[in-house]
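Visitor: Below: one structure in structure tokens.
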Amino acid sequence: MAEGQDSLPIDAPAVQPQGKPGDGNDPRGHRSRLRERLLSGGIDALGDHEIVEYLLMTAIPRKDVKPIARSLLQRFGSLAGVFNADRKALADHPGMGETSAAALKIVGIAARRLARSQVQEQPILGSWQALIDYLTIDMAHLTVERVRVQYLNAQNRLIRDDHVGDGSLDEAAIHPREVIKRAMDLGAAALILVHNHPSGNPEPSRADIQITNRIAEAGRLLGVTVHDHIIVGRSGHVSLRSKGLI
């Protein structure tokens, strides 16, 4: 592995920089300035490439990581694309490795947990934007189609978030009777269907609408309400309820 990649120990001392402090060849000065801007500024204190760069600095202490940060953003398209990228794709990227990939993946995990905790703390129907934010963080950049069912109690609080499976949304992936049976086993009073479109376009297909209405009808017969079906894509989300499709 080439010198400077993250096979080096994280606590290895940095190479003494060449040049005078404060000039363009002073990596220590550059890192200090990034740190000061991060700690004293707000959400926009650092550019996207600087956020990635700062994270990589902790994993690759002996190397100028700015080119790697810029190449990651170019390859994956955005900050969210980098943080949601496949672990192996990150690790195999030129100049990266497992430690560097972990330094980036932990951000996505932390963001998901923070967003999920905000959803769990209050009734979902009264905190709809928090739910959309959570689903967008968690699913918008997936490269496979994923189906989830969120089961709610009588107070519309989340009691279970089931990952049903990956693949196109049809009865091979999610069967109406099984969804409603699961709701009754959990004592759920309502549910929200969720899936993503890897194409980025969240507009529902005919199959999306048909399976949603089959599940809603099965729920009506047994007293389980289907509040909505949310489709998430990189360009936004669609609520079938708000479109009058349920």
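The values are calculated or read from the model by the stated rules, or taken from the named source; none is laboratory data. These numbers come from a predicted model, not from an experiment. No Cβ is skipped: glycine too gets one built from the backbone with ideal geometry, and neighbour counts run over all protein chains shown. These area figures cover heavy atoms from the full protein model, side chains too; ligands, DNA and RNA do not enter into them. Shrake-Rupley method; radii C 1.70, N 1.55, O 1.52, S 1.80 Å.
Visitor: Looking at the range 190-206, is at least one residue in a helix (DSSP H, G or I), within 20 Å of SER242 (Cβ to Cβ) and out of contact with any His (no Cβ under 7 Å at 6 or more places or on another chain)? Working first, answer last.
Guide: Quick first cut of the range 190-206, residues in a helix (DSSP H, G or I) only: 206.
Now narrow it down to the ones that are within 20 Å of SER242 (Cβ to Cβ): 206.
From what's left, out of contact with any His (no Cβ under 7 Å at 6 or more places or on another chain): 206.
Yes, there is a match, as at least one residue in the range 190-206 is in a helix (DSSP H, G or I), within 20 Å of SER242 (Cβ to Cβ) and out of contact with any His (no Cβ under 7 Å at 6 or more places or on another chain).
Visitor: Just to check your reading of the model, which residue among ILE209, ILE215 is out of contact with any Gly (no Cβ under 7 Å at 6 or more places or on another chain) and buried (at least 22 other Cβ atoms within 10 Å of the Cβ)? Spell out the reasoning first.
Guide: Working: ILE209 fails: buried (at least 22 other Cβ atoms within 10 Å of the Cβ).
Going through ILE209, ILE215 in turn, just one is out of contact with any Gly (no Cβ under 7 Å at 6 or more places or on another chain) and buried (at least 22 other Cβ atoms within 10 Å of the Cβ): ILE215.
Visitor: Let me ask something else about it. Out of all the residues in the range 136-169, which are over 20 Å from VAL226 (Cβ atoms), outside any loop (DSSP other than H, G, I, E, B) and touching a helix residue (DSSP H, G or I) at 6+ places or on another chain (Cβ under 8 Å)?
Guide: Step one: of the range 136-169, the residues over 20 Å from VAL226 (Cβ atoms) are 136-138, 140-144, 166-167.
Checking which are outside any loop (DSSP other than H, G, I, E, B) leaves us with 136-138, 166.
If the condition is that a residue be over 20 Å from VAL226 (Cβ atoms), outside any loop (DSSP other than H, G, I, E, B) and touching a helix residue (DSSP H, G or I) at 6+ places or on another chain (Cβ under 8 Å), then ILE137, ASP138 are the ones that fit.
Visitor: Starting from the range 58-69, take each residue that is closer than 13 Å to GLY97 by Cα and list its partners that are charged (D, E, K, R) and assigned to a loop (DSSP other than H, G, I, E, B), counting only C-beta distances under 9 angstrom and pairs at least six apart or across chains.
Guide: ALA59/ASP6; ILE60/ASP6
Visitor: Given the conditions (1) open to solvent by 80 Å² or more (accessible area, probe 1.4 Å); (2) modelled with pLDDT of 85 or more, which single one is not true for THR143?
Guide: (2)
Visitor: Six or more apart or on different chains, Cβ atoms under 7 Å: show the pairs whose first residue is in the range 183-201 and more than 14 Å from ILE124 (Cα to Cα) and modelled with pLDDT under 95 and whose second is open to solvent by 20 Å² or more (accessible area, probe 1.4 Å) and among the β-branched types (Val, Ile, Thr).
Guide: Sorted first by the residue in the range 183-201, then by its partner, the pairs are PRO198/THR143; PRO198/VAL144.
Visitor: Filter the range 112-138 for residues that are open to solvent by 80 Å² or more (accessible area, probe 1.4 Å) and touching a strand residue (DSSP E or B) at 6+ places or on another chain (Cβ under 9 Å) and give the result.
Guide: Passing the criteria: ARG116, GLN120, LEU125.
Visitor: Let me ask you something else. Of everything in the range 53-111 that's open to solvent by 70 Å² or more (accessible area, probe 1.4 Å) and of a type in the set (S, T, N, Q), which residue is farthest from LEU135 (Cα to Cα)?
Guide: THR58
Visitor: Also, quick follow-up: Any residue in the range 90-114 that is on the phi > 0 side of the Ramachandran plot sitting within a Cβ distance under 7 Å of a residue that is not in a helix (DSSP H, G or I)? List the pairs, counting only those 6 or more apart or interchain.
Guide: GLY95/GLN5; GLY97/GLN5; GLY97/ASP6; GLY97/SER7
Visitor: Condition first: touching a Gly at 6+ places or on another chain (Cβ under 8 Å) and surrounded by fewer than 19 Cβ atoms within 10 Å (Cβ to Cβ). Now tell me which residues in the range 218-235 satisfy that. Lay out the reasoning, then the answer.
Guide: First pass over the range 218-235, keeping only residues touching a Gly at 6+ places or on another chain (Cβ under 8 Å): 225-226, 233-235.
Selection gives THR225, SER235.
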